[in-house]
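Participant: Encoded as structure tokens, here's the structure I'll be asking about.
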Amino acid sequence: MPLLTMKEILVEVDHVDDPDVVTRSRTNPALRAALEMSRPENWHGTGLSPDRVLPIATEDGIPIVWVPRADVLKALVASPSGQRHGVLEAQVVQVIADCRARLGECDDPWIADSAHLLGKAIDAFDSGHHEAAMALAVSVGEPLALWASVPRVQVFDSEDDRVRWVRDRRRSKYKLASMELAASSTEAQRHRYEICRHALIAPISTFFTEFRPGNPEPDLLSRHVVAHAPTKAHFSRRNAIIALMLAVSILREQEEWCQEVRATDAIDEF
């Protein structure tokens, strides 16, 4: 790829949601760079802007990064909140195939255990044991969700701000994603890091919905129900699909992080 300036890349950001962006990016390196920097891979070529895709995650707790494929994503956007889980169940073969394919891309030794166990969870689902698949996916997914909830880079105006940020998040680990989302303005989300991160962690807020045994359980997938008050109703096929998607989505993102860290280490050693 030829050397590009940030100015050249930023000029193309306004075109990353064009339906023909994938075709044009093959001969336009700046557009290709803008696309890769600003949108999750499974959004490429959908013609969907973030304001149309993000509600899938924020309203229904459905993962939208790395999985599902573009056709399923477009079907989810076309459906109103409350009916989107039906889309996943209707296209479950494609959705689970997407999970297995993305999991196959997670081959870094640092995440080998998680990849192995999620593979077993998908096998359980395919064998008709969605309850077992969900339990294993939630078990693997919890530390992944906590990892994703903490930004890899954080800038502070002062040392006091840094201390306050660390203190608040140490006290509320299950609210980290919600806190990060609340801190993201609409304007800031236009930045590549913000929009991709927002999309990745949006379903985590639902996953960690506050719950106490004895209270009505959340309708959507909840780690706390699974861990503290599991019920037959909550261990539904729908929630199992979401659990698998969430764990695979974050693990695939973690694979990217592993490769970035290794590349940085290699440069430092050189």
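The values are calculated or read from the model by the stated rules, or taken from the named source; none is laboratory data. Not measured: the values here are computed from a predicted model. No Cβ is skipped: glycine too gets one built from the backbone with ideal geometry, and neighbour counts run over all protein chains shown. Accessible surface is based on the protein model in full, side chains and every heavy atom, while ligands, DNA and RNA are left aside. Shrake-Rupley method; radii C 1.70, N 1.55, O 1.52, S 1.80 Å.
Participant: Residue by residue through segment 1-19, note down the ones that are more than 24 Å from the chain's Cα centre (by Cα), in contact (Cβ under 8 Å) with a residue 24 or more places away in the chain and farther than 13 Å from Arg32 by Cβ.
Facilitator: Leu10
Participant: Is it the case that Ala240 is assigned to a helix (DSSP H, G or I) and either of a type outside the set (Asp, Glu) or modelled with pLDDT under 75 (or both)?
Facilitator: Here the answer is yes, as Ala240 does meet what is asked.
Participant: Now a separate question. Go through segment 210-233 and count every residue that is out of contact with any strand residue (DSSP E or B) (no Cβ under 6 Å at 6 or more places or on another chain) and part of a helix (DSSP H, G or I).
Facilitator: Of the residues in segment 210-233, 5 are out of contact with any strand residue (DSSP E or B) (no Cβ under 6 Å at 6 or more places or on another chain) and part of a helix (DSSP H, G or I).
Participant: Could you say whether any residue in segment 128-151 is of a type in the set (S, T, N, Q), surrounded by 16 or more Cβ atoms within 10 Å (Cβ to Cβ) and in a helix (DSSP H, G or I)?
Facilitator: yes
Participant: A further question on this structure: Looking at segment 100-127 only, could you name the residues that are in a helix (DSSP H, G or I) and open to solvent by 80 Å² or more (accessible area, probe 1.4 Å)?
Facilitator: Correct list: Arg100, Pro109, Trp110, Asp113, His116, Lys120, Asp126.
Participant: Please go through segment 223-267 and pick out each residue that is under 18 Å from the mean Cα position of the chain (by Cα) and without any contact (Cβ under 8 Å) to a residue 24 or more places away in the chain.
Facilitator: Glu256, Glu260
Participant: Scan segment 46-88 for residues that are of a type in the set (Gly, Ala, Ser), outside any helix (DSSP H, G or I) and surrounded by 20 or more Cβ atoms within 10 Å (Cβ to Cβ) and report the count.
Facilitator: Summing the residues that are of a type in the set (Gly, Ala, Ser), outside any helix (DSSP H, G or I) and surrounded by 20 or more Cβ atoms within 10 Å (Cβ to Cβ) in segment 46-88 gives 1.
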